[in-house]
Amino acid sequence: MKKIIPFVYGLCLTASLAVAAERLTTQVPAGLYMERCRRVLAAMDSSSVLVLRSADSRPRSMDVNYPYRQESNFYYLTGIDQTGGFLLLAPAGVEVGGKKRQVVLFGDMRAGSVYAKKEGLHQTALGCDTLLSSRQFEALFQTAVKGKATLYYSMPQPTFVNDPVANKRFFLDRDVRKELANRYSGLQIKPVNDLIAPLRRIKSPEELALIQRAVDITAAGLIEAYKSLQPGMYEYELQALLEYAYTRNGANGPGFPCIIGSGPNSLVLHYEDNSRRMQSGDVVVLDVGGEFGGYTADITRTMPVSGRFTEAQKELYELVLQAQKETLAIMKPGVPFRAVEEKVQEVTAQGLMKLGLIKDKEQVRRFLPHGVSHHIGLDVHDVGRTDTLQVNMVVTLEPGVYVPAHDAAIPEAYRNVGIRIEDDVWIVAGGHKVLSAAVPKEIKAVEKLMKKTGLGNRSVGQ
Ligand code: GLY
Ligand code: MN
């Protein structure tokens, strides 16, 4: 049993993570957003226009909204984290005050708004040629789109609602497209990601720095979780430690809800209740990521609640780790995503056959039911899956094995155990770098770390 220590407010999770005076998002190089807009413009032809809308605030209940989250493409091209905005890109230019403008931003210009604060800035710092009130959007858009062949436009939020009472499915996005097609005959509507995803999937040095920071913050939280975990804790206590690490170190919060699944919950892929009391003999899967400057990490570790894996858990854990290591070894530019998936499946199948859990490799999908790699960035499942890995992509590698609870053919010691190990991988010339290498995953290192005392070893009132 670990020593219970009093909770010390302000105790630094990692000494190495100095807290910036301001969030790093405010410190991007001047001209960054303008440069991104210029790159999108360069991919458009003169008979097209692109419109992005900021995300709306989303009601939680009555007068309370969910925390605001900007639409990722709008954020990528403007850096603005407030609702009420539009961005219009017009390669042929649209006339504003007697001048042709290609990048026009519209927003709420009342005093105090983010948009109003930008007024008067030089266009490189502003991130556009011109800043106008959102009230002027409609008229200018109509001028810009007149006679054009293509409009790049996607609704900023999920737009499908199934209403069983009305017995009807509503597709807002489809209705908007229909309306646009009626209003501007001959205009073709294309998704904005045709243009923006190719840019977003290759990370710039600024983005890589933000992702590394998000990863480091998440790593600090996971190391604290390793040190604090003990039987009798609730899953949400680990969530609290992670979220403390995020906020304490300047992150905006989680990039996606913490997945903390112990015992039977370790088998549930997107388990988010985090409400179970953990027991000795359980493993707990922590699939977590803090978001820094809009960019999220996505790291998974599987921990033994008692501080020691059982022999059967060790066998499964080593198998997943082996699959991860052998697959990491092939990750470099030019390697197809498919090869990454296949390598994980191949090594996992071999391991499961060796343990006698499957008879032929085709059965591996029973124990590994998900994909093992996706981009991360502004979104945890970031845009832009392509055929091959390329320099400056950042992707996850997350093999797993999930042994069902009720299968008499499987020895009991293996049952009801889910293991997943996930790291964030930066593809570089000739190879890769694991951004999340600071979080231990070798069994020896994990068990050693778990002997230490952590911030979470306290009781209420102590
Ligand atoms: N982090 C959750 C997922 O990748 O699906
Ligand atoms: Mn993931």
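The values are calculated or read from the model by the stated rules, or taken from the named source; none is laboratory data. Note that this is a predicted model, so its numbers are computed, not measured. Heads up, the Cβs are rebuilt from the backbone with ideal geometry, glycines too, and the neighbour counts pull from every protein chain shown. Calculation scope for accessible area: heavy atoms of the full protein, side chains included, ligands and nucleic acids excluded. Shrake-Rupley method; radii C 1.70, N 1.55, O 1.52, S 1.80 Å.
Name the single residue that is nearest to ligand 2 (Cβ to nearest atom) among those in region 235-252 being hydroxyl-bearing (Ser, Thr, Tyr) and touching a helix residue (DSSP H, G or I) at 6+ places or on another chain (Cβ under 9 Å). The qualifying residue nearest to ligand 2 (Cβ to nearest atom) is Tyr246. Taking each residue of region 366-389 that is of a type in the set (Gly, Ala, Ser) and modelled with pLDDT of 95 or more and looking for partners that are within 13 Å of ligand 1 (Cβ to nearest atom) and not in a loop (DSSP other than H, G, I, E, B) with beta-carbon atoms closer than 6 Å, six or more apart or interchain, yields Ser373/Val395; Ser373/Thr396; Ser373/Leu397. In region 359-377, the qualifying residues are those that are open to solvent by less than 10 Å² (accessible area, probe 1.4 Å) and closer than 19 Å to Glu318 by Cα, and the one that is nearest to ligand 1 (Cβ to nearest atom) is Val372. Residues in region 228-252 that are among the charged types (D, E, K, R) and touching a residue at least 24 places away in the same chain (Cβ under 8 Å) were compared, and the one that is least open to solvent (accessible area, probe 1.4 Å) is Glu235. Thr159 meets the conditions (1) modelled with pLDDT of 95 or more; (2) touching an Asp or Glu at 6+ places or on another chain (Cβ under 9 Å) in every case but one. The failed one is (1). All conditions but one from (1) under 17 Å from Leu88 (Cβ atoms); (2) in a strand (DSSP E or B); (3) open to solvent by 60 Å² or more (accessible area, probe 1.4 Å) apply to Thr143; the one that does not is (2). The single condition among (1) within 21 Å of Leu389 (Cβ to Cβ); (2) part of a strand (DSSP E or B) that Lys332 does not meet is (2).
For region 428-440, the set of residues classified as within 16 Å of ligand 1 (Cβ to nearest atom) and open to solvent by 10 Å² or more (accessible area, probe 1.4 Å) consists of Leu435 only.
How about region 293-322: which of its residues are assigned to a strand (DSSP E or B) and either hydrophobic (A, V, I, L, M, F, W, C) or open to solvent by 40 Å² or more (accessible area, probe 1.4 Å) (or both)? Quick ask: steps written out before the conclusion?
Initially, region 293-322 is screened for residues assigned to a strand (DSSP E or B), giving 295-296, 299-304.
Hits for region 293-322 are Ile299, Met303.
Condition check: open to solvent by less than 10 Å² (accessible area, probe 1.4 Å) and touching a His at 6+ places or on another chain (Cβ under 8 Å). Does Val425 satisfy that? Here the answer is yes, as Val425 does meet what is asked. Only residues that are assigned to a loop (DSSP other than H, G, I, E, B) and either away from ligand 2 (no atom under 15 Å from the Cβ) or open to solvent by 40 Å² or more (accessible area, probe 1.4 Å) (or both) were counted across region 385-406, and they come to 10. Pairs meeting the criteria (first residue in region 88-117 and within 25 Å of Ile196 (Cα to Cα), second residue among the aliphatic types (A, V, I, L, M) and in a loop (DSSP other than H, G, I, E, B), beta carbons under 6 Å, at least 6 apart or on different chains) are Pro91/Met44; Val114/Ile80; Tyr115/Met109.
Residue pairs whose Cβ atoms lie under 7 Å apart, separated by 6 or more positions or on different chains, with the first residue in region 295-316 and more than 12 Å from ligand 1 (Cβ to nearest atom) and the second among the hydroxyl-bearing types (Ser, Thr, Tyr) and open to solvent by 10 Å² or more (accessible area, probe 1.4 Å), are Val305/Ser280; Ser306/Ser280; Ala312/Tyr414; Leu316/Tyr414. Among the residues of region 411-422, the ones that are open to solvent by less than 10 Å² (accessible area, probe 1.4 Å) and either more than 21 Å from Gln322 (Cα to Cα) or among the acidic types (Asp, Glu) (or both) come to 1 in all.
Take the conditions (1) in contact with a strand residue (DSSP E or B) (Cβ under 6 Å, 6 or more places away or on another chain); (2) away from ligand 2 (no atom under 16 Å from the Cβ); (3) open to solvent by 10 Å² or more (accessible area, probe 1.4 Å); Gly255 misses just one of them, which is (2). Of everything in region 6-55 that's under 16 Å from Thr124 (Cβ atoms) and among the small types (Gly, Ala, Ser), which residue is modelled with the lowest pLDDT? My answer is Ala30.
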